[in-house]
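Derivation of every value follows stated rules applied to the coordinates shown; laboratory data play no part. Note that the structure is predicted; figures quoted are calculated from it, not measured. Here Cβ is always computed from backbone atoms with ideal geometry, including for glycine, and neighbour counts include all displayed protein chains.
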Amino acid sequence: MIPKKDHSAHAWDELDEQHLAYRTYSKEEMDALRQNKSRALFTLSPWAVIGLQLVVTLLSALAWSIVGNPKGLSLYTYSALLGGFIGFFPASLFALRLSAAKGMKNQNPGSLLAAIISGEFIKIAVTIAMFVWVAFSYPDLQWIPLLVTYFVTLKCYWLAWFWR
């Protein structure tokens, strides 16, 4: 036996309450909401995180040029630069993919989700390809500076949470 739906006035009142919970705000209402809750509605550009990754890469390369043997521009410095590049280049491709999705005319949640998933796939594939390329292209590479710098560039994502 199939239960019948309750079409009483009580059921319609619940539907109205649910409809009001997801109301569309005007531009003026959103601006007022942003002013009142600016910290809660703050969004950080992915390009700011990528810029931070670039700065961290350069600082790490500088540190490895001081610590490495011989000092100065050595294999340690180049290894650190490659590790940072492997960290921020795929992230740049991901940000470009999201920027392209935001620029599309008919945006919907499904297309944005598809852009995020395809961007992550591109990011992972390019990262793996870059590690393989570096391993075969530079046999005398110093892996410790490369992996430390790569790891530090990945931790820049955590700083984005603290900025928020």
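Sort 140, 31 so the one with the fewest other Cβ atoms within 10 Å of its own Cβ comes first.
Numbers: 140 6, 31 11.
So the residues, fewest neighbours to most, are 140, 31.
Under a Cβ-Cβ cut-off of 14 Å, what is the net charge of the residues other than residue 90 that fall near it, where Lys and Arg count +1 and Asp and Glu count -1?
+1
Under the definition of Cα pairs under 8 Å and six or more residues apart, what whole-number percent is the relative contact order of region 75-164? Kindly include the intermediate steps, with their values, before the conclusion.
Details: 68 pairs, mean separation 46.5, N = 90.
Relative contact order comes out at 52 percent.
How do the peptides 46-56, 127-137, 80-90 rank, highest first, by the average count of neighbouring beta carbon atoms within 10 Å per residue? Please list the in-between numbers first.
Values: 46-56: 17.3, 127-137: 13.1, 80-90: 23.7.
The packing order, highest mean first, is 80-90, 46-56, 127-137.
Can you sort 23, 97 so the residue with the fewest Cβ neighbours within 10 Å comes first?
The order, fewest Cβ neighbours first, is 23, 97.
Calculate one ³J(HN,Hα) per residue across region 69-76 by plugging θ = phi - 60° into the Karplus curve 6.51 cos²θ - 1.76 cosθ + 1.60, and present them in order as whole Hz with x for glycine and proline.
10, x, 6, x, 6, 10, 4, 5
Which one, 68, 101, 78, is farthest towards the positive end of the dipole of region 57-164 when Lys and Arg carry +1 and Asp and Glu -1 on their Cβ?
Projecting each Cα onto the dipole axis, the largest value belongs to 101.
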